[in-house]
Amino acid sequence: MLLESIHSPADVRALPAGQLPQLCQELRDFLVGGISGTGGHLASNLGAVELTVAIHRVFDTERDRLVFDVGHQCYVHKILTGRREAFSTLRQLDGLSGFPKPYESVHDAFIAGHASNSVAVALGMARARTLAKEDYNVLALIGDGALTGGLAYEGLNNAGASGEPLVVILNDNGMSINQNVGAMSSHLARLRSKPVYYHFKKWYRSLFGRRPMKNPIYRFNHRLKSSLKKVLWPGSTLFEDMGFTYLGPIDGHDLPRLCDVLEWARELRCPVVVHVNTVKGRGCAFAERNPDMYHGVGPFDPETGLLKKTGEESFSSVFGRALADCAGTDGRICAVTAAMADGTGLSGFAKSFPERFFDVGIAEGCGVSMAAGLAAQGMIPVFAVYSSFLQRGYDMLIHDAALERLHVVLGVDRAGLVGADGKTHHGCFDALFLPQIPGFTVLCPASFAELRTMLRQALFELSGPVAIRYPRGGEGAFQGDTSAEPLVRLRTGRDASLLTYGVLVNEALAAAELLAAEGIEAEVLKLNRIAPLDFEMFRPFFDTAEAPDILLAAEDSFGAGCVGQRVAALLAEGGRAPKQLILKNLGRTFALEGTVAQLEHRFELDAAGIAAAVREAAGYGRG
């Protein structure tokens, strides 16, 4: 097997050109076999095989800097840079990350997990190279989807004007930003991407002296050429107007041609855009037929593509159906997503109410601002967004939604620990930053029933901006609906109070059972609302002589500014501070990859960890 002889990019560069097609085929077979066991991003990586091989044939990523955008297409890069044998641990606890991570390898230039930042990051690296008077190449590999984010254009605008030698590779695998027109366009595109074209262009300009635009013949030919370009390459004029040399579009599966064009882009020593057309799922029939389904996928049968775990009911699917039901009774309700209609459960809404469904692309800030505009004009917008991606719209939450107390509803999906996607995707900040914004109401359902009720409350009963945060996946043992009150007691106990919100209530209840078996009575308090908070919410539970001496607050968020800290401050202000306070959270640590259960155990947020903390505190207090 040829792939087994590849331990570094140097081995790729040493291969005879005639063996590269075999390498690409073995890479595809390896991807399908590996991802079928671990899950991960399949279609995007299958489409980037030849492109990644070409990059490693032309560039040395041990020194040259390759910046991925999002990183959904980095698996082949990982395999070719010495991590093939660890691929079976992909997205597993203490295993290989599904995204580029500099701590894994010197070949990973920059962390990636969110979209549209690659060109700006690469420009910073290029400028650092110039300032340090060093000599290496800088590349940004960005997909067409990431070009829906405004940050991409901020980076392009600055990079094109900088004059810095920089290669931006646009991997266009779906939503083409420009369309080729006929055979002439293809012919001229190939001509434009050859070095001889640029030598001729330079020679032609020199015929007219240092100021060619003063020559009427040159001006006429230039206008004619520019008009033709606008018809045949509308995308190229965009990039060239920004200051880039544009090469393409190139067949992203023609490996020899890719290598030739990348070599030429490297030699130009200026800002260059290489536009590459690829096919998502290339070489795998079921992934090529349905690239959306196999973009991010769980374990599957490598022969048939059938998922080993069929789609189960989740908070996302329940949210989507409940929203569609509400929209059927109120024509003001609109749904907004940022390129995540399937992931946030909005596909059904989009089919039922296409005129009230808006996908803004990978542009969360735009999603928040557009929702604010809808609300300002009397609509009821619901922006369904992953928690980690909502971070990108923080300024708009304050400036566009909160200042005017507009009735914008956020469906904050993937709140808390999310599992295998790791540190770039865990939703561990929204419970910290949303309650800090004046006027925000933040609701935390722990069951499907509560999610349905809270959504109706957010739409029809509450005013101002409202967020409903819920986790990835399904509900636990607790399936009741206690949403009528902001704080409820689910279990009584005189020795300790276990305070939590969301699905962690399941671990708190299980911990109380463990403690009860040891003679320690722990009450379980469930917060249905984490903003706004006030002492009156807690008075019936803590302003009594029977209140337990120990308070443990459990939450899968970071420690600074967490709910437990805010509750403790409120109790102290009200003169009811607990004698012992235990804050169980992530502290200051970014959680890596692993299942949610594994990560909860590692951070001692599972029943055993919560019970152990109370046991230690109770023993110390009684000693």
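FYI, it's all coordinate maths here, none of it is from the lab. Quantities reported herein were computed from a predicted structural model and do not represent experimental measurements. Backbone-built Cβ (ideal geometry, glycine too); neighbour counts: all protein chains shown.
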Would you work out if region 283-385 is rounded, prolate or oblate? Take a ≥ b ≥ c from the square roots of the eigenvalues of the alpha-carbon gyration tensor; rounded if a/c is under 1.5, else prolate when a/b is larger than b/c, oblate otherwise.
-> prolate
Note on region 31-84: C-alpha Rg/Rh, Kirkwood Rh, two decimals, gives 0.96
Place a +1 charge on the Cβ of each Lys and Arg in the chain and a -1 charge on the Cβ of each Asp and Glu, then give the dipole magnitude about the Cα centre in debye, rounded to the nearest 20.
-> 2980
Would you mind calculating the relative contact order of the chain from Cα pairs under 8 angstrom and at least 6 residues apart, reporting the percent as a whole number?
-> 11
Ranked from fewest to most other Cβ atoms within 10 Å of their own Cβ, ASP108, ASP421 fall in the order ASP421, ASP108
Alpha-carbon centroids, region 513-561 and region 246-282: separation in whole Å = 58
Gyration tensor on Cα atoms of region 489-622, a ≥ b ≥ c root eigenvalues, a/c under 1.5 rounded, else prolate if a/b beats b/c, else oblate, says oblate
Net charge, GLY439 excluded, C-beta distance under 12 Å - Lys, Arg +1, Asp, Glu -1 = 0
How much FRET efficiency would the formula 1/(1 + (r/R0)^6) give for ALA517 and LYS351, where r is the Cβ-Cβ distance and R0 is 56 Å, rounded to 0.05?
-> 0.65
Once amide H atoms are placed 1.01 Å from N in the peptide plane, what residues at a sequence separation of 5 or more from GLY493, or on another chain, have their amide H within under 5 Å of its amide H?
-> GLU523
Can you sort ASP64, ASP543, ASP556 by how many other beta carbons sit within 10 Å, fewest first?
-> ASP543, ASP64, ASP556
Can you put MET370, MET242 in order of Cβ neighbours within 10 angstrom, beginning with the fewest?
-> MET242, MET370
Report the percentage of all Cα-Cα pairs in region 315-469 whose separation exceeds 25 Å, rounded to a whole percent.
-> 18
Lys and Arg at +1, Asp and Glu at -1: add these up for the other residues within a Cβ distance under 13 Å of GLY98 and post the number.
-> +1
Which net charge results when you count Lys and Arg as +1 and Asp and Glu as -1 among the other residues whose beta-carbon is under 13 Å from that of GLY502?
-> -3
Once amide H atoms are built 1.01 Å from N in the peptide plane, which residues 5 or more positions from LEU487, or in another chain, come under 5 Å H to H?
-> ASN528
Normalised contact order of region 489-622, rounded percent, pairs of Cα under 8 Å and 6 or more residues apart = 28
Write down the Å³ per residue value for the convex hull defined by the alpha carbon atoms of the chain.
-> 187
Only helices counted: for the chain, with every DSSP H run of 4 or more residues adding -39500 (n - 2.57) and the sum spread over all residues, [θ] at 222 nm is -11500 deg cm²/dmol
Just the projected area, averaged over all directions, of the convex hull on the alpha carbon atoms of region 504-563: how many nm²?
-> 5.0
